[in-house]
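The block underneath contains the structure these notes are about, expressed in structure tokens.
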Amino acid sequence: MKNRSKNKILLSVLLVFFVVILSLFLINLFWTNGETAVITQDKKILYKINLSEVKEEYEIAIRGNRGIVNTVLVKPFEIGIIHADCPDKVCVKTGFIKNGTTPIICLPNRLEIKIINDNSGLTDVVTR
């Protein structure tokens, strides 16, 4: 009898623990103010864009010191480079990003686009 009641208590504790961990994961996944794309060139921030607040897609042309131009397309919840003057076009081939797992890099233009989780919700667009 005692062994059965200990098993029930242990099972209940494990179930509560699992529910709490799952709830925290879901809150972190879905309950944010948005993903912020940060575009930097030569380690200087050019733009911060809250992708969850973008209503219509638009383009940004970014020119580097060597005359190389990257065309960035900003869409609701995603961002990518759609044109580059550089020879290898690795940044274009990267495609669009929606989360912070993989940045977009253009080495010739010294350009980086990464996504960070912005819980402040205060930044819409910052330009240099």
Candidates T127, T40, T123, filtered to the one that is modelled with pLDDT of 85 or more, surrounded by fewer than 17 Cβ atoms within 10 Å (Cβ to Cβ) and among the polar types (S, T, N, Q)
T40
I'm trying to understand the selection: among the residues of the stretch 86-98, which are in a loop (DSSP other than H, G, I, E, B) and surrounded by 12 or more Cβ atoms within 10 Å (Cβ to Cβ)?
C86, K89, T94, G95, F96, K98
Which one is surrounded by the fewest Cβ atoms within 10 Å (Cβ to Cβ) among residues in the stretch 8-37 that are closer than 30 Å to C106 by Cα and modelled with pLDDT under 80?
L29
Condition set buried (at least 17 other Cβ atoms within 10 Å of the Cβ) and at pLDDT below 90, scope the stretch 56-85, selection farthest from R110 (Cα to Cα): answer is I68
Would you tally the residues in the stretch 63-101 being of a type in the set (G, A, S) and touching a residue at least 24 places away in the same chain (Cβ under 8 Å)?
4
Kindly evaluate I45 against the criterion of being in contact with a strand residue (DSSP E or B) (Cβ under 8 Å, 6 or more places away or on another chain), surrounded by 15 or more Cβ atoms within 10 Å (Cβ to Cβ) and in contact (Cβ under 8 Å) with a residue 24 or more places away in the chain.
no
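The values are calculated or read from the model by the stated rules, or taken from the named source; none is laboratory data. In this text, all values refer to a predicted model and were calculated from it rather than measured experimentally. With ideal geometry, Cβ positions are generated from the backbone for all residues, glycine too; neighbour counts draw on all protein chains shown.
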